[in-house]
Amino acid sequence: MPTFLSQDLVADIPNLVPVTITRNHARDAEEFDGVERTAAGYVVMEIFAGSKLFVLPGLRYEYTTSDYTGYQVLFSQTGAYVSTLPITSKTNYGVPLPALHVRYTLTPQSNLRLALTRSLARPNYDDLVPYYAQNDSDNTIAMGNENLNPTKSWNVDLMAEHYFTSVGVVSAGFFYKQMQDYIYRYTFDQTINGVIYKTTQPLNGESATVLGFEAAVQNQLTFLPSPLDGIGIYANYTFSDSAASFPNHTSTRPLPGQSRHVGNLAVSFEKRGFSSRVAMNFHGSYVDLVGASDLLDRYFDTHKQFDISVNQRLTKKIWAVSGHEQPERRAPPLLRERAGQAAAGRALSLVGKLRRQDQLLMPLTQAASVGG
């Protein structure tokens with residue numbers, strides 16, 4: 001085994017080979033440096049009102065500060081690089097998040113649950129970066145938005161659940177969300193010095209609603225005769241109807257990123273060191289990018305994916321593993337434009353450095369319980 005006497009010598013190995021590096025300034029806007037700090041405190045109380053009713057009220061407060069440095073990148077009408085200049089931004093906000101959870105026990109295996117909560121979703125990191133990329137050769141501008149507010153939502157959830165003795169559960173419920181400052185990507189025309197640019201920027205919407213139903217079941221079929229008692233099933237389905245308003249649109253539209261239909265179905269088998277799983281997940285089409293009018297909205301295709309995995313334990317420490325994944329996309333006839341990317345929570349698509357500092361959660365008061 002080789003021994004390296006100095007880490008600096010190892011780091012210098014690439015410099016021993018002469019290379020020519022040409023910087024691609026078209027990607028300067030993808031670089032950023034950011035620091036996000038979050039401090040939070042909470043108060044919570046546990047109330048046992050008799051043997052069947054449990055109430056959990058609480059309040060959480062979060063305060064967030066962020067500092068970002070992005071870049072302004074300009075190209076001439078011929079496509080030649082002009083300049084790259086740094087842009088800095090500082091933001092801060094505090095949000096109270098009250099919550100009330102209620103559980104009523106119907107039977108030892110069945111519960112009714114009600115939750116009244118307020119929640120928040122922070123903007124994607126790259127959406128907050130104050131970058132500005134202007135290309136005069138194709139008349140396009142891509143911008144971040146350091147003034148984005150986090151999305152706040154008041155939520156109502158009503159759920160019924162029943163637990164099986166065979167380690168399984170079935171549940172169903174309704175949910176409603178009233179959202180403010182929801183975030184969407186907007187494309188619009190902007191005139192600069194008499195030239196029209198196609199500009200894309202994340203913006204805050206005013207308000208949106210989501211109403212829906214969800215159901216799930218998971219169970220091991222141990223009541224079947226051997227070897228069928230190794231079969232397990234899992235399925236869930238969510239229907240949601242959303243409505244949001246956008247500039248220059250004639251009516252409300254579905255909330256960006258929100259499919260009406262989402263579901264998963266899986267069947268598994270485990271027996272004597274052998275395990276296999278067949279799964280399918282799907283979601284309907286949804287708005288990906290909001291255009292300057294109804295006809296210019298961009299949609300994601302419907303998506304369906306099948307996964308198969310087979311495992312066999314050969315020894316206590318050795319497994320043979322095999323799997324296959326088969327995605328399937330289908331474009332509904334009303335789609336104006338197809339997209340081929342996957343939606344993510346707080347996606348970090350820019351190439352940058354981000355330091356996130358979450359301070360320790362300190363309870364503002366000790367949890368208390370009241371017996372009834």
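Computed from the coordinates by the stated procedures, all read-outs in this text should not be read as laboratory data. In this text the structure is predicted, and so the values were computed from the model without any measurement. In this analysis, Cβ positions are derived from the backbone assuming ideal geometry, glycine residues included, and neighbour counts consider all displayed protein chains.
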Would you please report the Å³ per residue occupied by the convex hull of the alpha carbon atoms in region 106-163?
136 Å³
What number do you get for region 172-230 when its Cα radius of gyration is normalised by 2.2 N^0.38 Å, N = residues?
2.38
Set Lys and Arg Cβ to +1 and Asp and Glu Cβ to -1, take the dipole of region 96-141 about its Cα centre, and tell me which of Ser137, Pro123, Ser110 lies farthest positive.
Ser110
Order by neighbour count: Ser251, Ser110, Ser242, fewest other Cβ atoms within 10 Å first, most last.
Ser251, Ser110, Ser242
Listed by chain and number, the residues whose amide H is under 5 Å from that of Tyr71, excluding neighbours fewer than 5 places away on the same chain and using placed H, are Ile87, Tyr131, Tyr132
Pairwise FRET efficiency - Thr222 versus Ala172, Cβ, R0 = 25 Å, nearest 0.05
0.60
Restricting to aspartates and glutamates and to Cα separations under 14 Å from Lys152, and discarding same-chain partners fewer than 8 apart, the set is Glu62, Asp181, Glu206
How much net charge surrounds Leu112 when only the other residues with a Cβ under 11 Å from the Cβ of Leu112 are counted, with Lys and Arg +1 and Asp and Glu -1?
+2
Within the set of other residues whose C-beta is less than 11 Å from the C-beta of Lys90, count the net charge using Lys and Arg as +1 and Asp and Glu as -1.
-2
With Rg from the Cα atoms and Rh as the Kirkwood inverse mean 1/r over Cα pairs, region 221-264 has an Rg/Rh of 1.45
For every other residue with a beta carbon closer than 12 angstrom to the beta carbon of Val73, add +1 if it is Lys or Arg and -1 if Asp or Glu, then tell me the sum.
-2
Report the label-to-label distance for Ser137 and Arg113 in nanometres (one decimal), using points 7 Å from each Cα along the Cα→Cβ vector.
5.4 nm
Using a Förster distance of 35 Å, the FRET efficiency for Tyr63-Tyr104 (Cβ separation, nearest 0.05):
0.50
Amide H neighbours of Ala292 under 5 Å, at least 5 residues apart or on other chains, H built in the peptide plane: list them.
Thr187
Under the Karplus relation with 6.51, -1.76 and 1.60 and θ = phi - 60°, whole-Hz ³J(HN,Hα) for region 187-200, x at Gly and Pro, equal 10, 8, 8, 10, 9, 10, 6, x, 10, 8, 10, 7, 10, 10
Proximal lysines to Lys316, defined as alpha-carbon separation beneath 30 angstrom and excluding residues fewer than eight positions away on the same chain:
Lys271
Would you please calculate the Kirkwood hydrodynamic radius of region 158-313 over all C-alpha pairs and express it in Å, rounded to one decimal?
18.9 Å
